[in-house]
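Asks: Dropping the structure in here first, questions after.
What follows draws every value from the coordinates through simple rules; no lab data is involved. Remember, it's a predicted structure, so these values are computed and weren't measured experimentally. Here Cβ is always computed from backbone atoms with ideal geometry, including for glycine, and neighbour counts include all displayed protein chains.
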């Protein structure tokens, strides 16, 4: 424990700016993955353990597309839509068969496919770790704001993620499609009685979750090593986020991600050997005080 | 009667003699065939999971050298047949595989190409089965330095932590003196290797430059994907120099993420595991001026033999060799030299021949490698530090470590740890 450093950090604008932006960076990437996870759970009532694998697929798609095109914009969209397509096919062929089934069966199917996706990545891209490299446009020195360090790539990452978050919220809350999806979460039988093909809707929601995870993978690819199984650690953190924010709540996922990001960055200053522990401790505190999570009621 | 008896005895003797001759005639070629039968060498290594690339390079290097040995007549007349199994990087699996290789597959020698955790497990199997065993990848010094661990049939044919720490400390102190670097920070993976290696490096850095102060330490988890919080902590601490023993994908992530904070232009960085092709060829924006210990690079030792070996490996496997590759190649070279010296392929006699054996090698600091008799470990290998450039040869100039100094300080270290 290094409380003196933490207090000193709060007294320094440079430290606060650096740690807050770092918290945003960690949090925003988590948000993209957690938003998809919570959306799928909220509507489909499936805890999608393969979600980390979609993040991994997004990163590997990005690696290949960037190598082929050299354009990071094409890479981002290509990886996101590629992963969405995989998600759609996966949902139609496999996940759709376990809706309403025992949760253990759902877990078994998801776990089996985690192993399969990992092996597919090994076969296609190899078992060794890979690196995509930073797009040329972002190979610039960091920006200094009041002494705090902010890399331009991370500004882009945070900006893009906030835009995606806002668009996602607008789609779910303000469009007819969003209304149908919300209705599907509450009462799928009634939705189908209205003549809406719920099977296609389920597939689209799952694909949307895959799209978000794939986008996150493509955003992470320039700065993280790509390796089979890389989705596992982000999956665990995403679960913590969704538990804190409330399963099924996109706003909860956003707030939960931000809180986890800030806990990690300020925790590394004040509690360098207990940063992970802090995360779990916070989750326990939330669960005790509000078992449905901070925004859990929104999907009740 | 007597005559008859004598006559009967004679007939039996004739029959016995004829039978013995017949068996002898039939058995003779069988015996010579048995002598020519291939000698099986078992090799547990890591062929799946995150370290698979290193295990695969171990296998590749062994096969490259075994082909040469077999072409030259094998081990004292018996060609080598390698039996290579995946331990998945799990110690209990490494021990099981090693035992299976001996008991079920009939292997007569073990090349233990495990990382440290697995190596200690295989070591116990070798102790139990009294099987000649060459450890090729474990860098934990205690494996051979600790007399309690030592057995007559096990040898270390690879680099070790204490040697790296002495050379790293001496090199870093020299740079620190020249650039007046007194404020240091460390950032290493949070497990036994990371903590031990960092402690030893700092110990020898302070030995050579006592005014060094370690301002802070960061211990990211093994296989941590995001280093943002670590990087910002380093930037807040503002050390003049940073030491790290991150490796593989963790090191490349750290470098890529550090690049966007311009970390390496602000802080003199010493990353002991940078100069290995597994990291050098993967990092897309390799910064100039990172100090690194040599793991394996074809430019150190800067000899035609070393470059030729690296090129031959690359031609066969379409990638550069790794640190684990040269070590495993060396194990086969030592076995071949021991068999030639003692004209035998018997494990016990090979072990006797290996003690104190010196061979010519592209990986030796002066073209030679020795298995030191007293602790059955490799010395004289090329060891040094240099700085990176973004393109090949990546680390153009390496300052070689002084083996006289290494051996002196190693002896003092052993004494301090009650190993002597």
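Asks: Can you tell me which of B:319, B:392, B:352 moves the most in a GNM of chain B? Springs connect C-alpha atoms under 10 Å apart.
Replies: Looking only at B:319, B:392, B:352, the biggest GNM fluctuation is shown by B:392.
Asks: Tell me, what is the FRET efficiency for residue B:374 and residue B:104 to the nearest 0.05, using R0 = 30 angstrom and their Cβ-Cβ distance as r?
Replies: 0.30
Asks: Mind listing the Cα extents of segment B:293-420 along all three principal axes, in Å, largest one first?
Replies: Its Cα atoms span 46, 39, 20 Å along the three principal axes.
Asks: Of all alpha-carbon pairs in segment A:1-75, indicate the percentage at a distance above 17 angstrom. Present the calculation step by step, with values, prior to reporting the outcome.
Replies: Values: 1839 of 2775 pairs.
I get 66 percent for the Cα pairs in segment A:1-75 exceeding 17 Å.
Asks: Report the residue, chosen from B:285, B:328, B:294, that carries the largest GNM mean-square fluctuation when chain B is represented by alpha-carbon nodes joined by springs under 10 Å.
Replies: Maximum among the listed residues: B:285.
Asks: Return the distance in nm (one decimal) between the two label points of a simple spin-label model at residue B:71 and residue A:101, each offset 7 Å from Cα along Cα→Cβ.
Replies: 5.6 nm
Asks: Oh, and also: How do A:97, A:92 rank when sorted from fewest to most other Cβ atoms within 10 Å of their own Cβ?
Replies: A:97, A:92
Asks: Hey, another quick one. Using the Cα atoms as the points, what is the convex hull volume per residue of segment B:54-97 in Å³?
Replies: 70 Å³
Asks: Please compute the Cα-Cα pair-distance distribution of segment A:196-300 with 5 Å bins starting at 0, giving whole percents from short to long.
Replies: Cα pair-distance distribution for segment A:196-300, in percent: 2, 12, 16, 20, 20, 16, 9, 4, 1, 1, 0.
Asks: If you don't mind, there's one more thing I want to ask. If I fit a long axis through the Cα atoms of helix A:51-69 and take the longest principal axis of the Cα atoms of chain A, what angle between them do I get, 0 to 90°, rounded to 10?
Replies: The two axes meet at around 70 degrees.
Asks: Considering chain B as a Gaussian network with a 10 Å cut-off on Cα pairs, which listed residue, B:407, B:260, B:166, attains the greatest mean-square fluctuation?
Replies: Looking only at B:407, B:260, B:166, the largest GNM fluctuation is found for B:260.
Asks: Per residue, what volume in Å³ does the Cα convex hull of segment A:182-239 take up?
Replies: On the way: hull volume 5.9 nm³, N = 58.
Roughly 102 Å³ of hull volume per residue.
Asks: Related question: Rounded to two decimal places and with Rh computed the Kirkwood way over Cα pairs, what is Rg over Rh for chain B?
Replies: Reported Rg/Rh, Kirkwood definition of Rh: 1.12.
Asks: Further question: Above 16 Å lies some portion of the pair distances; for segment B:79-128, what is it as a whole percent of all C-alpha pairs?
Replies: Considering segment B:79-128, 29 percent of its Cα-Cα pairs are separated by more than 16 Å.
Asks: Given the C-alpha atoms of segment A:1-157, compute the convex hull and give its volume per residue in Å³.
Replies: 166 Å³
Asks: Per 0.36 nm of contour for each residue apart, how much would the distance between residue B:81 and residue B:402 grow if the chain were fully extended, relative to their Cα-Cα spacing? Please list the in-between numbers first.
Replies: Working: separation 321, 0.36 × 321 = 115.56 nm, distance 3.79 nm.
Extra length from residue B:81 to residue B:402 when fully extended: 111.8 nm.
Asks: Out of the DSSP beta bridges found with both residues in segment B:268-412, what percent are antiparallel (nearest 5)?
Replies: 80 percent
Asks: Based on Cα positions only, what radius of gyration and what Dmax would you give for chain A, in angstroms?
Replies: When restricted to the Cα atoms of chain A, Rg and Dmax are 19.5, 63 Å.
Asks: Taking other Cβ within 10 Å of each residue's Cβ, how do B:182, B:136, A:275 sort, fewest first? Please list the in-between numbers first.
Replies: Working: B:182 15, B:136 29, A:275 21.
Fewest-to-most Cβ neighbours within 10 Å comes out as B:182, A:275, B:136.
Asks: On to the next question. Checking the a/c ratio against 1.5 first, then a/b against b/c, what shape does the Cα gyration tensor give for segment A:71-127? Walk me through the numbers before you get to the answer.
Replies: Values: a/c = 3.45, a/b = 1.62, b/c = 2.12.
Oblate.
Asks: Treating the Cα atoms of segment B:322-392 as identical point scatterers in vacuum, please give the log10 of the normalised Debye intensity I(q)/I(0) at q = 0.13, 0.14, 0.16 Å⁻¹, two decimals.
Replies: Once normalised to I(0) and log-transformed, intensities are -0.42, -0.48, -0.59.
Asks: Could you give me the percent of Cα pairs per 5 Å distance bin for segment B:62-211, shortest bin first, beginning at zero and ending with the bin that holds the maximum distance?
Replies: It works out to 2, 9, 15, 16, 15, 12, 10, 8, 6, 5, 2, 1, in whole percents.
Asks: At a 10 Å Cβ-Cβ cut-off, how would you order B:291, B:135, fewest neighbours first?
Replies: B:291, B:135
Asks: Kindly give the semi-axes, whole Å and largest first, of the ellipsoid equivalent to segment B:125-267, taking each as the square root of 5 times a Cα gyration tensor eigenvalue.
Replies: Values for segment B:125-267, descending: 33, 19, 11 Å.
Asks: Quantify how strongly other chains surround peptide A:224-236 by giving the mean number of their Cβ atoms within 10 Å of each of its Cβ atoms.
Replies: Values: counts 9, 16, 5, 11, 4, 3, 4, 1, 2, 5, 2, 0, 0.
Mean inter-chain Cβ contacts per residue within 10 Å come to 5.
Asks: Running Debye on the protein assembly as shown with equal point scatterers at the Cα sites and no solvent, what base-10 log of I(q)/I(0) appears at q = 0.05, 0.06, 0.10 Å⁻¹?
Replies: Result of the Debye calculation: -0.31, -0.43, -1.02.
Asks: If R₀ is 45 angstrom, what is the calculated FRET efficiency for the pair residue A:92 and residue A:280, using the beta carbon separation as r and rounding to 0.05? All intermediate terms of the calculation are to be shown ahead of the outcome.
Replies: Numbers: r = 36 Å, r/R0 = 0.80.
The calculated FRET efficiency here is 0.80.
Asks: Relative to the first principal axis of the alpha-carbon coordinates of chain B, what is the inclination of helix B:116-129, with its axis defined by its Cα atoms, in degrees from 0 to 90 and to the nearest 10?
Replies: Value to nearest ten degrees: 20.
Asks: Turning to a different aspect of this structure: Averaged across B:166-173, how many Cβ atoms of other chains sit within 10 Å of each residue's Cβ atom?
Replies: 0
Asks: Once you average over the residues of B:48-61, how many Cβ atoms of partner chains fall within 10 Å of each Cβ?
Replies: Neighbouring Cβ atoms belonging to other protein chains average 2 per residue here.
Asks: Next question, about the same structure. Percent of Cα-Cα pairs per 5 Å bin, from 0 to the last occupied bin, for segment A:242-288, please list those.
Replies: Each 5 Å bin holds this share of Cα pairs: 5, 25, 27, 23, 13, 5, 1.
Asks: Would you mind classifying segment B:152-224 by shape? Square roots of the alpha carbon gyration tensor eigenvalues, ordered a ≥ b ≥ c; an a/c under 1.5 is rounded, otherwise it is prolate if a/b is larger than b/c and oblate if not.
Replies: Since a/c reaches 1.5 but b/c is at least a/b, the shape of segment B:152-224 is classed as oblate.
Asks: Let me ask something additional. Using only Cα atoms, find the angle between the long axis of helix B:323-342 and the longest principal axis of chain B, and express it within 0 to 90 degrees, rounded to the nearest 10.
Replies: Compared with the principal axis, the helix lies near 30 degrees.
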